[in-house]
Structure formats: structure tokens, C-alpha cells
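Beneath this line is the structure, given in C-alpha cells, with notes to follow.
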Amino acid sequence: MRDYGGGLTLDPGALIALERPGTQQARAVTAMIAERLARGCDVTLPTVVLSEWWRHAPNRGWPRYSPLHGVTVEPLQEHLAKLAGWALGEVGRGPSVADAIVVASAAPRGDVVLTADIEDLERLAALFPRSVRLSRV
């Protein structure tokens, strides 16, 4: 997992990794979040990520780790929706609306996106080469 410093935006893969306590992935994600929060950096959870992750939470049992503690839940504002739509139009098929919203959310802050879906997000992040960096969960 590459750590670039700065703010952090989470995708569903980061939250799913946290559900597996004791694993290398869970430890790495927990450490990245804790380190960012300790430095006063933003850790952002776009609402679409919360929706994607939460839809399966009851089937897996309630999570042991609350991804909301200290993390900013970012509502989908009009400018982010338009930026995500533009990005989807540029890359064509492949990435989902949620993927595009995650990247659009991270771009204005210059965040690292913590993701398990690196391939689809790489295409979107390429549209923001100076502002979005990806780190694989």
C-alpha cells in the first residue's frame, strides 16, 4: 500500500478491509486513517461510498469498526455530481458512477484515494493528474 501523505478519501474497498480485523489490510487502512487524523488531515467518506458499503452491512453483521469516527462524511453536492458526470463522459465504459464520485470528491483536495478497484479508478484519476493519487488496499 503506497502512502503519499495528505488527505485521504475512502472507497468501499477500504471500508471492507476494515471489516477483517487482524489482517494486514485492516491494520494498514487503520494506520493510514489514524495517522491522517492525528496530523489534522481530512479523511473523507463520500456519501455514495457509505451507501455502497452499508447496503451489505446487515448481511455481514454490524461492523466492529465504525468508519464514521473522526471521518468527514461528504454529501454529494451539485458541483461534485457534475464533475463526476464529466469524468464518466471522458473515460466511457467501465468505471461506475460511485467510482467517478470518489475521484471527483478527492480531486479538489488533492487526496489519496484508498481503493481496492485500482484499474477503474486509474482511468478516472488520469483526468486529474496533479490532484488525485491512488493507493491500493
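The values are calculated or read from the model by the stated rules, or taken from the named source; none is laboratory data. None of the values given here were measured: they were computed from a predicted structure. Note that each Cβ is placed from the backbone with ideal geometry, even for glycine, and that neighbours are counted across all protein chains shown.
Scanning the stretch 68-92 for residues being over 18 Å from ASP42 (Cα atoms) and touching a residue at least 40 places away in the same chain (Cβ under 8 Å) gives a total of 1.
Please verify whether VAL137 is touching a helix residue (DSSP H, G or I) at 6+ places or on another chain (Cβ under 6 Å), closer than 23 Å to ASP42 by Cα and touching a residue at least 60 places away in the same chain (Cβ under 8 Å), treating the condition exactly as stated.
Details: touching a helix residue (DSSP H, G or I) at 6+ places or on another chain (Cβ under 6 Å): yes; closer than 23 Å to ASP42 by Cα: yes; touching a residue at least 60 places away in the same chain (Cβ under 8 Å): yes.
In short, yes.
Report, by residue number, each residue of the stretch 17-41 that is in contact with a helix residue (DSSP H, G or I) (Cβ under 6 Å, 6 or more places away or on another chain) and not hydrophobic (A, V, I, L, M, F, W, C). Quick ask: steps written out before the conclusion?
In the first step, residues of the stretch 17-41 are kept if they are in contact with a helix residue (DSSP H, G or I) (Cβ under 6 Å, 6 or more places away or on another chain); the result is 17-18, 20, 25-26, 29.
The answer is ARG20, GLN25.
Of all residues in the stretch 85-105, those satisfying the criterion of being among the small types (Gly, Ala, Ser) and part of a loop (DSSP other than H, G, I, E, B) are GLY92, GLY94, SER96. Here is the figure for the stretch 106-127: residues that are part of a helix (DSSP H, G or I) and either within 9 Å of the chain's Cα centre (by Cα) or free of Cβ contacts under 8 Å to residues at least 40 places away in the same chain (or both) total 10. Across the stretch 84-124, the number of residues qualifying as surrounded by fewer than 17 Cβ atoms within 10 Å (Cβ to Cβ) and of a type in the set (S, T, N, Q) comes to 1. Checking each residue in the stretch 81-96 for being under 13 Å from ASP117 (Cα atoms) and either of a type in the set (Ser, Thr, Tyr) or at pLDDT 95 or above (or both) picks out only SER96.
Collect the residues in the stretch 38-47 that are within 12 Å of THR9 (Cα to Cα) and among the hydrophobic types (A, V, I, L, M, F, W, C), keeping them in residue-number order. Within the stretch 38-47, CYS41, VAL43, LEU45 qualify. Looking only at residues in the stretch 125-137 that are among the small types (Gly, Ala, Ser) and surrounded by 17 or more Cβ atoms within 10 Å (Cβ to Cβ), which one is nearest to GLY92 (Cα to Cα)? Among residues in the stretch 125-137 that are among the small types (Gly, Ala, Ser) and surrounded by 17 or more Cβ atoms within 10 Å (Cβ to Cβ), the one nearest to GLY92 (Cα to Cα) is ALA125. Working only within the stretch 15-52, note down all residues that are under 22 Å from ALA81 (Cβ atoms), modelled with pLDDT of 90 or more and buried (at least 19 other Cβ atoms within 10 Å of the Cβ). Once the filter is applied, which keeps residues that are under 22 Å from ALA81 (Cβ atoms), modelled with pLDDT of 90 or more and buried (at least 19 other Cβ atoms within 10 Å of the Cβ), the stretch 15-52 yields VAL43, THR44, LEU45, PRO46, VAL48, VAL49.
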